[in-house]
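Values quoted throughout were computed directly from the atomic coordinates according to the rules given, and no laboratory measurement underlies them. This is a predicted model, so every value here is computed, not measured. A quick note on method: Cβ atoms are made from the backbone with ideal geometry, for glycine too, and the neighbour counts reach across all protein chains shown.
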Amino acid sequence: MRPGNAWRLGPFPHGSICSRIVPCKALSSEETDMLKPIETDRAPKPFSNYSQAVAVAAGARHLFVAGQVGADAAGKIPDDPASQHRLAWENVLAILAADGMDHRNIVDAHVYITDMAHIELYRETRDRMLNGHKPAATLLVVSGLADPRLVMEVSVVAAAPA
């Protein structure tokens, strides 16, 4: 893609998050060489679309995104799990964009869901929002989150050239 073009993940109810928040840019060779997926047959293969590990080149700056939940900027929490999953990832992408990063900068994701029945929803939403990018990832099913209405939370570590 040419610099300035928006990458599209939608459609979402309010249009594409990426065209609204994260403009696409051409990656420099420094950026593409900065993250290196690590895979070995001496450990179990990933269960879905993530990497066993991701190495970050020396000198990169890191961004640690605190847990983001399925609430909009005003704090409204939708009732349906699909909207919460989408909003949590949109919130992560918005924070990355505020520091000049996008989904391709995510090195590691820790995701917490409150219902095993939502595992496939999590995977589908993650795959759509990350557009094929495969960071290292951990998924945990927990008994609850900070607000009992919440069904999902995601925190990420991202890296970009310093």
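Just checking, how many residues over the range 76-101 are closer than 14 Å to THR125 by Cα and of a type in the set (Lys, Arg)? Talk me through it step by step, then tell me what you get.
Taking the range 76-101 as the starting set, the residues that turn out to be closer than 14 Å to THR125 by Cα are 80-93.
From what is left, the residues that are of a type in the set (Lys, Arg) are 86.
Qualifying residue count, the range 76-101: 1.
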| Identity of the residue in the range 112-126, exposed (fewer than 14 other Cβ atoms within 10 Å of the Cβ) and touching a residue at least 24 places away in the same chain (Cβ under 8 Å), that ends up farthest from PHE47 (Cα to Cα) | ASP115
| query | Within the range 83-110, how many residues are in contact with a Ser or Thr (Cβ under 8 Å, 6 or more places away or on another chain) and over 17 Å from ASN131 (Cα atoms)? | reply | 1
